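Working notes for the structure below.
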Amino acid sequence: MTVLLFLVPIALLLGLTGLVAFLWALRSGQYDDLDGAAVRVLGDDDLKPRA
């Protein structure tokens, strides 16, 4: 039963850390362009045109 005195605060701290990290990612613009990377993968920018 005394292990709960350690596990509950640790779980709350980890949850709060995850929430803070998620909110930081939202504010820094990590989720602004969700489709851009998916479209960029399909581009052929690295191919040289045939002569």
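Over the chain, dividing the summed -39,500 (n - 2.57) contributions of all DSSP H runs of at least 4 residues by the number of residues returns a 222 nm mean residue ellipticity of -20000 deg cm²/dmol. Each of [x] 15.5, 46; [y] 14.8, 45; [z] 21.8, 76 is a candidate for Rg and Dmax of the Cα atoms in Å; the one calculated from this structure is [z]. Taking the chain as the reference, fit the longest principal axis to its C-alpha atoms, fit the long axis of helix 4-27 to the helix C-alpha atoms, and give the angle between the two in degrees, 0 to 90, nearest 10. Value to nearest ten degrees: 30.
Full extension of the segment from A38 to L7, taken as 0.36 nm per residue of separation minus the current Cα-Cα distance, would add 7.2 nm.
We did not get these values from a lab; they are worked out from the coordinates using the rules stated. Nothing here was measured: the structure is a model prediction, and the numbers come from that model.
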